[in-house]
1. Among the residues that make up the stretch B:174-195, is at least one of them loosely packed, with under 15 Cβ neighbours inside 10 Å and touching a strand residue (DSSP E or B) at 6+ places or on another chain (Cβ under 9 Å)?
2. For F:ILE25, state whether it is more than 24 Å from A:ALA120 (Cα to Cα), modelled with pLDDT of 95 or more and β-branched (Val, Ile, Thr).
3. For the stretch F:198-205, check the following and say yes or no: at least one residue is in a helix (DSSP H, G or I), within 14 Å of another protein chain (Cβ to nearest Cβ) and acidic (Asp, Glu).
4. Taking interchain pairs and intrachain pairs at least six residues apart, which have beta carbon atoms under 9 angstrom, with the first residue in the stretch C:222-248 and of a type in the set (S, T, N, Q) and the second modelled with pLDDT of 95 or more and in a loop (DSSP other than H, G, I, E, B)?
5. Consider F:ALA115 carefully, then state whether it is in contact with a helix residue (DSSP H, G or I) (Cβ under 8 Å, 6 or more places away or on another chain), within 16 Å of ligand 6 (Cβ to nearest atom) and of a type in the set (A, V, I, L, M).
6. Would you call E:SER83 assigned to a helix (DSSP H, G or I), touching a Gly at 6+ places or on another chain (Cβ under 8 Å) and among the polar types (S, T, N, Q)?
7. Can you tell me which condition E:ILE130 does not meet? The list is (1) modelled with pLDDT under 95; (2) more than 21 Å from the chain's Cα centre (by Cα); (3) surrounded by fewer than 21 Cβ atoms within 10 Å (Cβ to Cβ), and all the others hold.
8. Could you pull out the residue among F:THR90, F:THR116 that is in a helix (DSSP H, G or I), within 15 Å of A:ASP202 (Cβ to Cβ) and facing another protein chain (nearest Cβ under 10 Å)?
Protein chains: 6
Amino acid sequence: MQLHLSTWPEIESYLQHSKAILVPIGSTEQHGPIGLLGTDALCSEEIARRAGEEGGFLVAPTFNVGQAQHHLAFPGTLTLRPSTMIAAMTDWANSLRRHGFERIYWLNGHGGNVATMNAAFAEIQHGSSINPGHENSPTLRCSLRNWWELAGVSETIRELFPVGEGNHATPSEISVTQYLFPQAVKYADFPVRIAPSGPIFDAEDFRRRYPDGRIGSDPTLANPAAGKRLVETAVHSLVREFRNFAGA
Amino acid sequence: MQLHLSTWPEIESYLQHSKAILVPIGSTEQHGPIGLLGTDALCSEEIARRAGEEGGFLVAPTFNVGQAQHHLAFPGTLTLRPSTMIAAMTDWANSLRRHGFERIYWLNGHGGNVATMNAAFAEIQHGSSINPGHENSPTLRCSLRNWWELAGVSETIRELFPVGEGNHATPSEISVTQYLFPQAVKYADFPVRIAPSGPIFDAEDFRRRYPDGRIGSDPTLANPAAGKRLVETAVHSLVREFRNFAGA
Amino acid sequence: MQLHLSTWPEIESYLQHSKAILVPIGSTEQHGPIGLLGTDALCSEEIARRAGEEGGFLVAPTFNVGQAQHHLAFPGTLTLRPSTMIAAMTDWANSLRRHGFERIYWLNGHGGNVATMNAAFAEIQHGSSINPGHENSPTLRCSLRNWWELAGVSETIRELFPVGEGNHATPSEISVTQYLFPQAVKYADFPVRIAPSGPIFDAEDFRRRYPDGRIGSDPTLANPAAGKRLVETAVHSLVREFRNFAGA
Amino acid sequence: MQLHLSTWPEIESYLQHSKAILVPIGSTEQHGPIGLLGTDALCSEEIARRAGEEGGFLVAPTFNVGQAQHHLAFPGTLTLRPSTMIAAMTDWANSLRRHGFERIYWLNGHGGNVATMNAAFAEIQHGSSINPGHENSPTLRCSLRNWWELAGVSETIRELFPVGEGNHATPSEISVTQYLFPQAVKYADFPVRIAPSGPIFDAEDFRRRYPDGRIGSDPTLANPAAGKRLVETAVHSLVREFRNFAGA
Amino acid sequence: MQLHLSTWPEIESYLQHSKAILVPIGSTEQHGPIGLLGTDALCSEEIARRAGEEGGFLVAPTFNVGQAQHHLAFPGTLTLRPSTMIAAMTDWANSLRRHGFERIYWLNGHGGNVATMNAAFAEIQHGSSINPGHENSPTLRCSLRNWWELAGVSETIRELFPVGEGNHATPSEISVTQYLFPQAVKYADFPVRIAPSGPIFDAEDFRRRYPDGRIGSDPTLANPAAGKRLVETAVHSLVREFRNFAGA
Amino acid sequence: MQLHLSTWPEIESYLQHSKAILVPIGSTEQHGPIGLLGTDALCSEEIARRAGEEGGFLVAPTFNVGQAQHHLAFPGTLTLRPSTMIAAMTDWANSLRRHGFERIYWLNGHGGNVATMNAAFAEIQHGSSINPGHENSPTLRCSLRNWWELAGVSETIRELFPVGEGNHATPSEISVTQYLFPQAVKYADFPVRIAPSGPIFDAEDFRRRYPDGRIGSDPTLANPAAGKRLVETAVHSLVREFRNFAGA
Ligand code: NI
Ligand code: NI
Ligand code: NI
Ligand code: NI
Ligand code: NI
Ligand code: NI
């Protein structure tokens, strides 16, 4: 059940039996020579959508631009400042709390979002922690889950790509988008099969270290069949995990 | 051409012949008993996507939560504070300017966004206006266009719905989503065919004045065929208008 | 009745029979070769003051610097960032709400303020919309009215200046200040009678397009008699409109 | 010479021989039973205006709402949050710097503004202090001067009101407004001649301690003749002091 | 009693008999050729600590970076923007209010902090002043005290250093750190005994005017014995003053 | 070498051979019945100080209040909002960059700071990533290191406390403060030896789940000897790690 394809009376009904919602969150950032700029948002959006159908729970629109300042030297990357992202996530969360939601499960598609998301959770809680009992709405619980860490998914990734998974523009996430968007499978020459690894500082430095945008990965390993397996495993686990979270 | 389904080298190529991009922007807010919460984002997203394919220009991901505070008394509505929306639009625009974009055409799907969007444009320009020549990137031009005001569209709307178009949860926008999302056509009883009209203040007041969320509209008039005609007219005009803007 | 020429016990008395106040708002920005930098603030301030006397209602001090970033290439222009203007208008409104005011009628003198003002209204309402019933003060209604759109005024303008009214540094607003400030009537040579028209982007671009600051106008048409007629028409309508708003 | 009664070419000329401007700043806040809510803004505005005429220097519009949170329990008081005031003063100053101004003399009418004004000066300087040489405009010098501390004024006050001057709603400031606004001289019974003195915390506490709004003062001593003498002394000194500042 | 060397049950007990706490606040900024960068934070921290032991009251950790933008041209100086400092002081104060504290005595070690601190107090009070009765915690009273103005201290300074005390990097504050940190007594040649005096604008200007960082002072006069006398006098007075404040 | 016990000429010299500095960062928050409120700041401060002496590198003052909103239901806890913490860390970092520092090693003492610190790093980098080459100062590299993860430390903790280490108010951190502050060793009865474990949401919820403040730990195991061993191991590793970071 997708919030944006529902009417307000449908949400009013939903709230009578559940106070939990899933918000997919990703990033719009370079993913190397053949990875899509939307990879991180598309993966969490589509895994969430399928799980929501299967599990009968509510899925919000996707928070599609996140924390990607270190990718800015590659065209197409969009980023929020962390302070803006905290403000925007707070507004989304407070809107949901206004309606009676008490549990927000943020399904994340981008490792670079994790820190700012947790900072946003603390900002969201700050009001009721520092002035308890003062709001007219329920206190919220926010939970962050990276899709690649859902039960069974990381194991599947290790099995599918024992070598060359790397850290950014990985064959696993590219496999997922190849499966989901067959019309957008891309090709490129890879003089170096496995990209270099290392630390991340600012955008110019990033492009010097990782000239084609990948970190430690071999995207040529990506294939739609692997993507299918990953999506199905993720959806299966997500249905179970969301149910636990909603009932906790 | 959708940015999130492209790679960074594809955007780098695109920038060699065009500095213009379209950003669809909408809202996630109640649209009466049968209108979708995502109406405003979905309409501009899909009209933009089709025009981008037809016209060969670049379309960004959708800015999908906007200015909807007055709808907050209806479950499912999400809103940003205007100050947050200004910060987020500024971050999107500065990211694009960093890559060399010089023209951003914001295709808007929500009348309630217009004021805050124009305020954001002034905030985006403020830096180069108050300290000219100080940034290392081009100055930007932002343009706002409501899809229902594209050439021919408002005329078509008047022709299709001479009575009952109203101001919110209109048969025209609902027709568009019925055409685009046949799986999400909704039904409801409408004891009152044409909803009341009037001013807008805060959320509680809004729900008292407009108990089912509509303003002045008769959504029962909506139909997929009307939606098809509106989409096609809008796409056709958008291709021409974007081209003019990009070349200006 | 002007707030700044009143004492607090007088305001306390006023609040016993009316919860409505008028705030004049303008801008301090270039108005071409003979228009005053203060035109927009002075027009709304003085029309408001006279209407307040005639109608017996309360007029606040003038919010005299507004949204003028696109005029910054002309010396003397002052501007707030939109985010600052939203914060400041919010503080004015919350101060008034604290005292029991429930209606604020903002009489505006500058078209460039409209977007940011409406964004500010949404920011002002946000608190009570997202957390209803939580403040100890009444909910507010804000209303924006441009003085040149008061009943009868635009008609008078069209009659007085059928040609050459234009969009910025117009003969109508200059007539008003010539009438109100005879000691500050200015003269200049106008090699081009009617200034060019076109779009507005950043400040440098503005000055290139409109080298003397006017847009589409012929200020040589301005005269004190026209100003007198405009002021009297505006005052007359404002008294009626404010009364309706206060009683709504 | 008042900026808002000038044209931009006049300011352009002025800047060829002087880089200095005066900004009157005050507050809109209760001033006891007979003091005007606008006292602090009106005093600095009018003293500045007269000095500007006499000395031939430029006077900006008045920053008319300042720091008055502790007066909020009295109707009519308006206040900015200190953080808003800092943002707004920064915007005014950066606008002036954009045009080439290098000296801003803030003539202050409200003791409660002093702290936030000095904080704002530090915020204004922060940019060029932390990233020297990075702006395209001159560095600014801001100077704060309370009108009652201009040479000769405090001596005159002590002479005029050796007893009963007090700290808020003083006979000296009320004399000034009685002189300047004879149409707005107010009367009240004063069961207690000299108001109590003490510390200032929040608004509710303030009204409990100072039930009619005065601190330590006896406003019945105010008279227009005293106001005239104070204004003339202040104007005379201000012309000299501004000249020194402009040339420093 | 130092908060950071206590447990939460100890603070819970303390609150049963006192609602007052002392927060030392200083700055980390250049103090000339032989003054320590931490002078202002170390002086208030250590005077507070000793007084807390003697008087049995609670002392918070030190707010150790303050307002020092004008010292930024000297290496080692750290500063907050005034707006950041206001936000941080507000967070500290609201945390304390959450626990039931009603009185915060800020013992200050840096003249340059005074304005921003007072602005912060107004920001802290703003919430309860503009929306009285809305928080679930007590209203706070904040008090600012410079250690060198404690009863007897300024007299002692005048006696110890009748000449050469100056305004920044003074022999009195350097004496205090020499007494408290004998391991950190520094030496330098002083071609000019008494540093120049004058106004303060931005950082580059400051270093031009005051090339070694001092203003008006002769630090060669500093000695540990003077520091001992100053600390003892300050501690003695602080115990008494804090007690009065706590009981007020 | 401690910055606050140094003079500016000493920092100027230091910068001629090193561009790296260490900033200790912690939190002021409840640490259960016998843990000190300052535990997290004191541990990183003192480990840093000792390593700075041994390794001859520069240590800044301690950032002593961090992210602790979930501990607010226990008296004595202080917290910044995440947005404030990001602003303050940005100000510290920009101050250091102004002087020529290029590497900031943040030694962290509080797990709850990690997310906001990483968000702050992204905010700090944002300026140079989105507008490369525009600042007059070097680009910065920030690095975060938790003291308990320094080489050898976690192994030592596992060896010392194979059972009962837990997650908050751990015997290892309490051992460190017992060793460092023998005058502040506390005692309490522990009816339950090992505290419960679980998730963290807002402050009220935290206190319900963890009534004495501990999570999963048995603080009765703490002892000064263990603290000594941990400090020595940490200092030894920190000297090596900082050297590598400074030279990278
Ligand atoms: Ni990714
Ligand atoms: Ni709509
Ligand atoms: Ni105008
Ligand atoms: Ni006054
Ligand atoms: Ni000092
Ligand atoms: Ni800890």
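The values are calculated or read from the model by the stated rules, or taken from the named source; none is laboratory data. This is a predicted model, so every value here is computed, not measured. Cβ coordinates were reconstructed from backbone atoms using ideal geometry, including for glycine residues, and neighbour counts include every protein chain displayed. Side chains are part of the model used for accessible areas, which takes the heavy atoms of the whole protein and leaves out ligands, DNA and RNA. Shrake-Rupley method; radii C 1.70, N 1.55, O 1.52, S 1.80 Å.
1. no
2. When the stated conditions are applied, F:ILE25 does not pass them.
3. Scanning the stretch F:198-205 turns up at least one residue that is in a helix (DSSP H, G or I), within 14 Å of another protein chain (Cβ to nearest Cβ) and acidic (Asp, Glu).
4. Note: pairs meeting the criteria are C:THR233/C:LEU150; C:THR233/C:ALA151; C:THR233/C:GLY152; C:SER237/C:LEU150; C:SER237/C:ALA151; C:SER237/C:GLY152.
5. When the stated conditions are applied, F:ALA115 passes them.
6. no
7. Answer for E:ILE130: the failing condition is (3).
8. Sole residue among the options that is in a helix (DSSP H, G or I), within 15 Å of A:ASP202 (Cβ to Cβ) and facing another protein chain (nearest Cβ under 10 Å): F:THR90.
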